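**Student:** Before we start, here is the structure in question, set down as structure tokens.
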Amino acid sequence: MGKEESKKEEVKSSKASFISKHFLYFIMYAMIGWIYEVVLEVFIYHWGYSNRGVLFGPYCPVYGFGALAFIFTVYPMIKKKKFWEKLLYIPLVFILCMLIATALELLTSYLCELFMGSWPWQTYATSYPGTNFQGRIALSPSIRFGIGGTVFLYVLQPLFEKFTTKLEKKEVKINAGILLAIMVAMVILCDGIYTFSLKPFLNNYLSEKYQIEVKI
């Protein structure tokens, strides 16, 4: 019984570590995605600053989900390869990342439209005439997603893995990971309530009261 209990504890510990580690990846990439969107908007297109995320906080969940999709589907192909072998996979990794990110962006646009009435990147229709689909996806962003996904998997993800591996050596790794996940999840939950419930209500209320278009 002692060995069986020990094995069960190891399995539980391994699962908890896996979940907490990938949750950290999700948050990291979601925040990197938000920074990328803001930098692109302010310094490249000179449109001025606006919160580029669907939610209120400094993160774009779609980038977090996209990164996890890359990690689970594409990253295993190159993770244990030698350096020169990884280089040979770059074209394939680029294409796969581009296709996965584009499919996710398309799906997210429909979900945003369903729950919020619109999606943040509707400007695709005017910004990329002739190379977009209903303002939901476009060729230029898809290519950038492919490049970004390749950089994530070849540069950032190995660094993040080294970082999380060091965290796993601490005695309280599981408890800390679970607590961190719970805390961040609570923040996102509160953010979601504000974005999808309180924010539309306040916008409609202020717009009707002051007879002007108000967006907060």
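**Student:** What's the number of the condition Phe70 fails, among (1) surrounded by 16 or more Cβ atoms within 10 Å (Cβ to Cβ); (2) modelled with pLDDT under 90; (3) within 23 Å of Leu159 (Cβ to Cβ)?
**Tutor:** The single condition Phe70 does not satisfy is (2).
**Student:** Mind checking which residues of region 22-41 are closer than 10 Å to Tyr59 by Cβ and over 11 Å from the mean Cα position of the chain (by Cα)?
**Tutor:** Result: Ile35, single match.
**Student:** Name every residue in region 145-190 that is surrounded by 15 or more Cβ atoms within 10 Å (Cβ to Cβ) and at pLDDT 90 or above, in order of residue number.
**Tutor:** Phe145, Gly146, Gly148, Gly149, Thr150, Phe152, Leu153, Tyr154, Leu156, Gln157
**Student:** Is it fair to say Glu37 is assigned to a helix (DSSP H, G or I), among the acidic types (Asp, Glu) and either at pLDDT 80 or above or surrounded by 11 or more Cβ atoms within 10 Å (Cβ to Cβ) (or both)?
**Tutor:** Spelling it out, Glu37 is indeed assigned to a helix (DSSP H, G or I), among the acidic types (Asp, Glu) and either at pLDDT 80 or above or surrounded by 11 or more Cβ atoms within 10 Å (Cβ to Cβ) (or both).
**Student:** Restricting region 40-67 to residues that are more than 17 Å from Phe152 (Cα to Cα) and in a helix (DSSP H, G or I), which is modelled with the lowest pLDDT?
**Tutor:** Within region 40-67, the subset more than 17 Å from Phe152 (Cα to Cα) is 40-58.
From what is left, the residues that are in a helix (DSSP H, G or I) are 40-44.
Details: Leu40: 78, Glu41: 73, Val42: 75, Phe43: 72, Ile44: 69.
Among those residues, the one meeting the criterion is Ile44.
**Student:** Which residues, counting only those in region 128-155, are closer than 20 Å to Ile35 by Cβ and without any contact (Cβ under 8 Å) to a residue 40 or more places away in the chain?
**Tutor:** Residues satisfying the conditions are Ser140, Pro141, Arg144, Val151, Val155.
**Student:** Another question, then. Is it the case that region 98-106 has a residue that's among the aliphatic types (A, V, I, L, M), farther than 22 Å from Ile32 by Cα and surrounded by fewer than 16 Cβ atoms within 10 Å (Cβ to Cβ)?
**Tutor:** Of all residues in region 98-106, those among the aliphatic types (A, V, I, L, M) come to 98-101, 103-104, 106.
So of that shortlist, the ones also farther than 22 Å from Ile32 by Cα come out as none.
No, region 98-106 contains no residue that is among the aliphatic types (A, V, I, L, M), farther than 22 Å from Ile32 by Cα and surrounded by fewer than 16 Cβ atoms within 10 Å (Cβ to Cβ).
**Student:** Among Gly135, Gly130, which is surrounded by fewer than 14 Cβ atoms within 10 Å (Cβ to Cβ) and of a type outside the set (A, V, I, L, M)? Walk me through how you get there before you give the answer.
**Tutor:** On the way: Gly135 fails: surrounded by fewer than 14 Cβ atoms within 10 Å (Cβ to Cβ).
Going through Gly135, Gly130 in turn, the sole match is Gly130.
Residues checked against (1) over 17 Å from the mean Cα position of the chain (by Cα); (2) of a type in the set (A, V, I, L, M):
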| residue | (1), (2) |
| --- | --- |
| Pro91 | yes, no |
| Leu99 | no, yes |
| Ala103 | no, yes |
| Leu111 | no, yes |
| Pro120 | no, no |
| Tyr124 | yes, no |
| Phe133 | yes, no |
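**Student:** Looking at the structure I just gave you, is Tyr110 modelled with pLDDT of 90 or more and farther than 29 Å from Lys21 by Cβ? Let's see the steps before the verdict.
**Tutor:** On the way: modelled with pLDDT of 90 or more: yes; farther than 29 Å from Lys21 by Cβ: yes.
Judged against the criteria, Tyr110 is a match.
The values are calculated or read from the model by the stated rules, or taken from the named source; none is laboratory data. Treat the numbers as computed from the prediction; the structure is a model and nothing was measured. All Cβ positions, glycine included, derive from the backbone under ideal geometry; neighbour counts span all protein chains shown.
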